[in-house]
């Protein structure tokens with residue numbers, strides 16, 4: 001449970017220490033700007049930026065029912081963050097699975113990526129696609145889903 005939060009916590013702690021040092025030396029403005037920057041980095045690398053994760057089993061069940069792709073991701077992954085932001089509002093229409101919270105999901109990703117936990121790995125109609133182009137992922141949604 002703490003693993004997804006490790007990087008954001010480290011960003012906040014580091015930013016707080018450095019900002020405190022700057023403020024103590026009289027550079028209050030620089031310290032505040034630096035702290036805000038580290039807080040933004042923490043936020044971007046936290047699980048809060050992504051739609052709520054479900055288990056791999058639940059994602060498969062939902063995908064079988066509605067045909068939507070499954071995205072296996074993990075916090076701190078720059079490529080996952082890129083996919084999330086480039087999908088914009090369409091991201092919530094996919095089924096997101098955090099591989100750090102679900103050992104079955106991590107195993108599924110390793111099984112299709114030569115033993116590596118390479119993310120994002122997107123399953124469309126049961127076929128894996130490692131680090132696909134976000135525009136391609138958006139195209140995999142039905143026309144009704146792309147509009148709304």
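The values are calculated or read from the model by the stated rules, or taken from the named source; none is laboratory data. As the structure is a computational prediction, the values presented were derived from the model and not from experiment. Please note: Cβ atoms are built from the backbone with ideal geometry, for glycine as well, and neighbour counts cover all protein chains shown.
Per-structure values
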read-out	value
Residue within the stretch 7-21 that is outside the structural domain of residue 101 (by TED's automatic domain parsing), under 29 Å from residue 107 (Cα atoms) and in contact (Cβ under 8 Å) with a residue 60 or more places away in the chain present	yes
Residue identified as touching a strand residue (DSSP E or B) at 6+ places or on another chain (Cβ under 6 Å) and within 24 Å of residue 137 (Cα to Cα) among 71, 49	71
Test: residue in the stretch 77-88 that is free of Cβ contacts under 8 Å to residues at least 24 places away in the same chain, exposed (fewer than 15 other Cβ atoms within 10 Å of the Cβ) and not in a helix (DSSP H, G or I)	no
